[in-house]
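**Student:** Pasting a structure here, questions to come.
Derivation of every value follows stated rules applied to the coordinates shown; laboratory data play no part. Values in this document were obtained by computation on a predicted structure and should not be read as measured data. Cβ: placed from backbone, ideal geometry, glycine included. Neighbour counts: every protein chain shown.
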Amino acid sequence: MLTHCPSCKKPLQLTPDQTARLEQALAQLAPGKVLTIKCPMCRGAISLDKNAANNAVAPPSQSRQVQPPPPPKLDWLEQGLFQDADKVEDVPTALVLHQENDQRKSIEEALESVGYQVILADSVADALDGMQFVNFACIVFQADLEGPLEQSTFHTHMRKLTMDRRRYVFYILIGDEFHTLYNLEALAHSANLTVNKSDLRHLDVILRKGIPAYEELFGPILEELGVYGKH
């Protein structure tokens, strides 16, 4: 007869009366039926059948072999889709909206050199779509991508962003008409930094100067807003 719980392995210490009743119950079991009792120690279920009265039978739910989940699919690894998926937390993300050329490559490399994870947008529609799902820490825009800047759909969108989002974005305008690191010009265009295209080869140095200046100016207020859950 059963002497130990198959789950906790502790002795059951059945009284003679309990043992007799258990044997009687097993003798009255119909073929194929299972008698289930609870362990008084761990309260785990113990199943016994009529043909194996001397052995504990594991409950049906425990007797099935557990199948591990399949390994993750790595299609994105070959196709380079990670840039459109979830990003690693605490790594600042930058969006670059610029025509595909050597200048865009220089912008991407400069942003990566100062710690940004870069997403490249091929169109205004792609950029606006991406902004719905990602809170970019930095956005770089080619000012003449849609013609005159004052007629640009994307620039208009940036100017009209609510301040609970806009204040956390380091917005950079790239163009032939701009003066690099001219803060008054950036302010006049609702940006945080303007860069002349001729200076893009020095963009990494420009970022290392412009970003700390931005953080020094806005850091204290952003930190206070974060304390009050405004981020």
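**Student:** Could you give the spread of the C-alpha atoms of segment 106-184 along their three principal axes, from largest to smallest, in whole angstroms?
**Tutor:** Cα extents, longest axis first: 28, 27, 26 Å.
**Student:** Kindly state, to the nearest 0.05, the FRET efficiency for K10 paired with A213, given R0 = 45 Å and r defined as their beta-carbon distance. Please report the intermediate quantities before stating the final value.
**Tutor:** Values: r = 69 Å, r/R0 = 1.54.
Working from the Cβ atoms, E equals 0.05.
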